[in-house]
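These notes are about the structure you will find just below.
The values are calculated or read from the model by the stated rules, or taken from the named source; none is laboratory data. In this text, all values refer to a predicted model and were calculated from it rather than measured experimentally. No Cβ is skipped: glycine too gets one built from the backbone with ideal geometry, and neighbour counts run over all protein chains shown. For accessibility, only protein heavy atoms count, side chains too; no ligands or nucleic acids. Shrake-Rupley method; radii C 1.70, N 1.55, O 1.52, S 1.80 Å.
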Amino acid sequence: MSHIDVARLRSRLLAPAGPYAAIDVVARTGSTNTDLRAAVAEGAPDRTVLIAEEQTSGAGRRGRTWTSPPGRGVYLSVLLRPAEVPLAALGSLAAVAGLALTDMAAELGVDAVLKWPNDVLAGPEREKCAGVLAEAASSDEQAVVCGIGVNVLPLREPVRPGPGGLPATSLAEQGARTTDPTEVAALLLAAFHEREVPWRGARGDLAAAGLLDTYRERCATLGRDVRLEVAGGRSRTGRVVDIDPTCALVVDEDGGRRSTVFAADVVHLRPAAG
């Protein structure tokens, strides 16, 4: 099993040579997001990174689990303290992480697109390769933890598909030029920094940060017929016509109503045959 070389990561990415205040790697934990949310209260600094070789309780959206077996992926979280970003704009950080993931995939020679709100789909069959979970953390000063999971090698055990029945894939299965987890983590963290700096400078506004057009270009949900599944509500269908600067979907729903959707599971509907 390949292990992540923390010394190599620190030499490239740790301050003062790099942008991160702390980078740690643990062999096993429940969830890197949970660990860093706890670290917020202990005063962990802005741009703290925690990477796990394995997560036993990896977290996804809406209480789901993210399968995180040892030696098969890169599972990391970044703690940010973006005091200048309003609380209402913190949700757009997931888009920043999504762009970083597609930047990393391109560096590795993998064709990848974004599925709103937090999935990365790779390869011609558009299978799920990575996911993002950004969570605000309670603290005296504003803090947010952004968790990212990437399948680097094929998973040994079958994974139950998420909403829409998307099967899992990995960077290796999509022809990545390297599957060295240290290199994958380094590319991802470098790309995340490059995208996060303008996001923070623009107070979380994706358009002002110059990120919105790129997100639209890479988002396979834009222009698609979809089914929206909202917690506790009835599913609705429609066509996604735009993504706004907060990264909310603008949907022309069947029946003629236009709505702005901030949180939902989105299922890409297949075009009708004919």
With +1 at each Lys and Arg Cβ and -1 at each Asp and Glu Cβ, the charge dipole magnitude of the range 6-216 around its Cα centre, to the nearest 20 debye, comes out at 300
When the chain is treated as a Gaussian network with springs between alpha carbons less than 10 Å apart, the largest mean-square fluctuation among 202, 122, 97 is found at 202
Gyration tensor on Cα atoms of the range 189-260, a ≥ b ≥ c root eigenvalues, a/c under 1.5 rounded, else prolate if a/b beats b/c, else oblate, says prolate
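Shape of the range 6-216 from its Cα gyration tensor (a ≥ b ≥ c, root eigenvalues): rounded if a/c is under 1.5, otherwise prolate when a/b > b/c, or oblate?
Judged from the Cα gyration tensor, the range 6-216 comes out rounded (a/c under 1.5).
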Rounded to whole Å², per residue accessible area for the range 88-129 with a 1.4 Å probe reads 28
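Charges at C-beta only: +1 for Lys and Arg, -1 for Asp and Glu. How large is the resulting dipole of the range 129-274 about its Cα centre, in Debye rounded to 20?
500
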With -39,500 (n - 2.57) per DSSP H segment of 4 or more residues and division by the full residue count of the chain, the 222 nm estimate, nearest 500 deg cm²/dmol, is -7000 deg cm²/dmol
Of 256-266, 3-13, 142-152, ordering from highest average Cβ density within 10 Å down gives 142-152, 3-13, 256-266
When the chain is treated as a Gaussian network with springs between alpha carbons less than 10 Å apart, the largest mean-square fluctuation among 120, 78, 230 is found at 230
Of every hundred units of 1.4 Å-probe accessible area on the range 70-201, the number belonging to carbon and sulfur atoms, as a percent, is 50
